[in-house]
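The values are calculated or read from the model by the stated rules, or taken from the named source; none is laboratory data. Everything quoted here is computed from the prediction, not taken from an experiment. Quick reminder, even Gly has a Cβ in these numbers, built from the backbone with ideal geometry, and neighbours come from all protein chains shown.
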Amino acid sequence: MSEKVSTTNERRLTIARAMAEAIAQEMRVDERVFVMGEDIGGLGGVFGNTRGLIEEFGKERIRDTPISETGFIGAAVGAASDGMRPVVELMFVDFFGVCMDAIYNLMAKNTYFSGGNVKVPLVLMTSTGGGYSDAGQHSQCLYGTFAHLPGMKVVAPSNAYDAKGMMTAAIRDENPVVFMYHKGLQGMGWLGTEAGATVNVPEESYEVPFGKAAVVREGTDVTIVGLAMGVHNALKAADLLAKKGVSAEVVDLRTLVPLDRDTVFESVRKTGRLIVVDEDYHSFGVSGEIIASVCERDLSVLKAAPRRVAYPDVPIPFSRPMEQFCLPNPDKIVAAFDTIGGA
Amino acid sequence: MASDIVIAGDLWDGDEQAVVTNWFASDGATVTQGMLLAEIMVEKTQFEVRAPADGVLTIVRNVDDIVSKGDVVGRIA
């Protein structure tokens, strides 16, 4: 898995490669770590995040499963409860229905039910997001669905540096972590690659701590909060707003559970305006939670009503024009600012 | 002496065209032989392009460009 480092210190990786590198490094130093999922062996994962692992670690530790999420995610919960450290892939988060009992009634609650005597150090990695016409059962984000339920940490990286550090932290965590990676950020080509996600990544192992949002662009007039693909839309919107003389600050949440409400609040206290970008559904989700975090703490920091740019409350269309119409994008963020910018 | 970075003829079966999906090194970067430089995709499968020599990279074919076997995607001088 390791790559030679160029003399200019460039070492760009896609998120797909960064995830595989983090898993490989933890597997080398901890024999309890193993991986299960569909097409994670010879194929290297549909989204490239287990490439090279079966060649190095073999079939015993890189276990290709049948299409049986109910079975193998249940098995992973048992293995984790018994001292192993499984990394298990739910290929599309949309498939959560058949395995939600294992995820939410077992994985997330066993530590609580046992009075802290049973630890469940399990990483559930799962792909999110659309934009490439894969329709309503292969394109959802469902961030709010998982973040809503207590007992699991939930993370969603926007770039390869964070993806590697958060995967390393997830594997070392004593608690269950849901690692939600956006398909359009994987660098896989056919999924609509976002170039900004492929960044320099140190070869040595490191952790990106959970619960710390990142201010990825500083500004004074409006705070744009996003996660995963939303961060890249926010950064592009910030470029467009700058041409209009508006200074936008962009906050990358990175972790949903635990949520860094302080960084969001401090940013809004400075700018006075808030737009939340979320590719998950508009209602009852992350965007509403972020807005509530600010309003509950101190309504007076807001110069204008908060806005959200999220997915409309409809099933995701297969038709490319219809799906693109529904997705958040930089122009929609600029339009949202135009409704509050004069305040 | 300059070395061309050529799409090898035996990288995949058949004569399908590929698309450049990632450059991991920048134009003008110093690279070393064997280093991962780029990925190209045929259908939904990605293939690695590695540096054939040490030197300074010039990118000839950019991300999203369509390439065929035998095409020069970059040069190292």
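Counting only helices (runs of 4 or more DSSP H) that sit completely within the stretch A:1-88, those holding 2 or more residues that are within 14 Å of chain B (Cβ to nearest Cβ) and at pLDDT 95 or above correspond to A:15-29.
Pairs are defined by a Cβ separation below 8 Å, a sequence spacing of at least 6 or placement on different chains, a first member in the stretch A:62-79 that is closer than 20 Å to residue A:174 by Cβ and surrounded by fewer than 17 Cβ atoms within 10 Å (Cβ to Cβ), and a second member that is modelled with pLDDT under 95 and charged (D, E, K, R); no pair meets this definition. When the residues of the stretch B:23-47 are filtered to those that are of a type outside the set (A, V, I, L, M, F, W, C) and over 19 Å from residue A:43 (Cα atoms), the one that is surrounded by the most Cβ atoms within 10 Å (Cβ to Cβ) is B:30. Restricting attention to the stretch A:249-291, the residues that are over 18 Å from residue A:311 (Cβ atoms) and polar (S, T, N, Q) add up to 4. In the stretch A:43-61, of all residues being without any contact (Cβ under 8 Å) to a residue 40 or more places away in the chain and out of contact with any helix residue (DSSP H, G or I) (no Cβ under 8 Å at 6 or more places or on another chain), the one that is surrounded by the fewest Cβ atoms within 10 Å (Cβ to Cβ) corresponds to A:60.
Residue A:122 meets the conditions (1) of a type in the set (A, V, I, L, M); (2) modelled with pLDDT of 95 or more; (3) out of contact with any strand residue (DSSP E or B) (no Cβ under 7 Å at 6 or more places or on another chain) in every case but one. The failed one is (3). If you go through the stretch A:224-279 and pick out every residue that is more than 23 Å from the chain's Cα centre (by Cα) and buried (at least 19 other Cβ atoms within 10 Å of the Cβ), you end up with 4. For chain B, the strands (runs of 3 or more DSSP E) that sit wholly inside it and include 3 or more residues that are under 26 Å from residue A:49 (Cα atoms), within 14 Å of chain A (Cβ to nearest Cβ) and free of Cβ contacts under 8 Å to residues at least 24 places away in the same chain are B:36-42.
The residue list B:18, B:8, B:53 contains one member that is at pLDDT 95 or above and among the aliphatic types (A, V, I, L, M), which is B:53.
Applying the set (1) in contact with an Asp or Glu (Cβ under 9 Å, 6 or more places away or on another chain); (2) surrounded by 24 or more Cβ atoms within 10 Å (Cβ to Cβ) to residue A:163 leaves exactly one unmet item: (1).
Of all the numbered requirements in (1) aliphatic (A, V, I, L, M); (2) away from chain B (no Cβ under 14 Å); (3) crowded, with 24+ Cβ neighbours inside 10 Å, residue A:197 misses one, and that requirement is (2).
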